[in-house]
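Data first, discussion second: the structure below is written as structure tokens.
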Amino acid sequence: MLKDNFNDLLSFIVVARERSFTRAAAQLGVSQSALSHAMRNLEARLDVRLLTRTTRSVVPTEAGEQLFMRLSPHLLEIEQELAALRDTRDRPAGNIRITAGEHAMSAVLWPVLKPFMAQYPDINVEVTVDNGLTDIVDGRFDAGVRLGDQVAKDMIALRIAPDMPMAVVGSADYLQRFGVPQTPDQLAQHRCINMRLPTRGGLYAWEFERDGRELRVRVEGQLTLNSLTQRIDAAESGLGLAYVPKDSVREALAGGRLIQVLEAWCPTFDGYHLYYPSRRQHTTAFALLVESLRQT
């Protein structure tokens with residue numbers, strides 16, 4: 001009953017607006033006879049005459065005009081909502097929350113986000129920079145960016161960056177004063193710029209490998225800094241040796257502001273991955289961001 005009334009009322013509004021069965025039938029995609037039959041059925045169910053028919057035209061009765069005036073604004077509102085829905089499809093909108101480490105944000109995520117935000121002005125993105133291993137489900141994030149070996153096995157992981165070589169670097173002035181370490185064990189005689197792990201609370205042990213041998217060295221120094229940018233600046237200022245992603249100091253190495261040491265011992269880590277829960281239903285906005293990151 002509701003379906004029949006809705007369809008027939010929609011047809012009535014088009015007939016009353018067009019004042020013609022011919023034009024209304026063309027808009028609705030039905031035959032004139034079927035449309036005329038539907039209008040008679042509607043009048044019978046409502047027990048009121050809605051349309052005055054002549055050989056040349058069709059005109060709403062007083063009752064029909066009142067019904068048209070009451071229903072047409074609602075139909076317009078429905079049409080506007082459907083248009084907005086189509087616009088959302090054509091201009092994706094929504095909110096995305098991501099957590100990423102400092103280096104992942106600057107080296108991988110931010111270069112993609114800048115053109116992405118310009119291309120999709122109705123998508124809002126919030127990025128929390130956190131060097132800890134954030135629980136994205138508990139934190140209500142849509143996704144996170146971490147090194148491949150840090151992603152939990154129950155997550156969907158998408159590689160978005162190549163493998164990441166590490167480097168121990170220092171300024172020429174520092175190395176001239178304190179010497180060049182030849183093995184990781186010799187770092188005990190050097191001033192090293194430490195980083196505290198936010199998740200476990202301890203200082204990060206520098207990781208090395210050579211000929212299948214893995215080695216972790218706990219270093220000491222005057223400075224402990226969580227910011228990658230400040231650790232690099234401290235190394236350039238001659239305050240000690242820093243252990244950093246090599247791509248983050250590429251310009252400094254090329255310009256001679258920093259010199260790499262222990263290169264044969266420095267490992268290459270599994271590259272950054274975007275990860276997110278497999279059970280979560282994601283939006284079109286999120287799917288577009290995933291596709292943009294996939295192309296990096």
What ranking of K114, K153, K246 comes out by heavy-atom accessible area, probe 1.4 Å, highest first? K153, K114, K246
For the stretch 151-247 (alpha-carbon point model, no solvent) the Debye-based log₁₀ I(q)/I(0) at q = 0.22 Å⁻¹ works out to -1.23
With a point put 7 Å past each Cα toward its Cβ, work out how far A26 is from T283 in nm, to one decimal. 4.1
Identified option (computed volume of the Cα convex hull per residue in Å³; candidates [x] 189; [y] 117; [z] 178): [x]
Please determine, in degrees from 0 to 90 and to the nearest 10, the orientation of helix 110-119 with respect to the longest principal axis defined by the Cα atoms of the chain, where the helix direction is its Cα long axis. 20
Euclidean distance between Cα centres, the stretch 140-196 to the stretch 19-57, Å: 76
For the chain, calculated [θ]222 nm from helices alone, where every DSSP H run of n ≥ 4 adds -39500 (n - 2.57): -11500 deg cm²/dmol
For the stretch 128-212 the mean separation of alpha carbon contacts under 8 Å (6+ apart) over residue count, i.e. relative contact order in percent, is 27
Whole-number D in µm² s⁻¹ for the stretch 1-63, Kirkwood Cα-pair radius fed into Stokes-Einstein, 4 °C, 1.567 mPa s: 112
Let me have the relative contact order for the chain, percent, based on Cα pairs under 8 Å that are six or more residues apart. 21
Rounded to a whole number, the Stokes-Einstein D of the stretch 232-296 in µm²/s (Kirkwood radius over Cα pairs; 20 °C; 1.002 mPa s) is 140
Share of the chain's accessible area from carbon and sulfur, percent, 1.4 Å? 50
On the full set of protein chains, 1.4 Å probe, figure out the accessible area of T229 and give it in Å² to the nearest 10. 90
Against the globular-protein guess of 2.2 N^0.38 Å, express the Cα radius of gyration of the stretch 207-256 as a ratio, rounded to two decimals. 1.29
Length added when fully stretched, T224-H37, from 0.36 nm per residue minus Cα-Cα: 59.0 nm
Helix 284-294 axis, angle to the chain major axis (alpha carbon atoms, nearest 10°): 30
The stretch 230-296, accessible area per residue, ligands and nucleic acids excluded (1.4 Å, Å²): 48
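The values are calculated or read from the model by the stated rules, or taken from the named source; none is laboratory data. Bear in mind that the values here come from a model prediction, so they are computed numbers and not experimental data. Quick reminder, even Gly has a Cβ in these numbers, built from the backbone with ideal geometry, and neighbours come from all protein chains shown. To get the accessible areas, we keep the full protein, side chains included, count just its heavy atoms, and leave off ligands, DNA and RNA. Shrake-Rupley method; radii C 1.70, N 1.55, O 1.52, S 1.80 Å.
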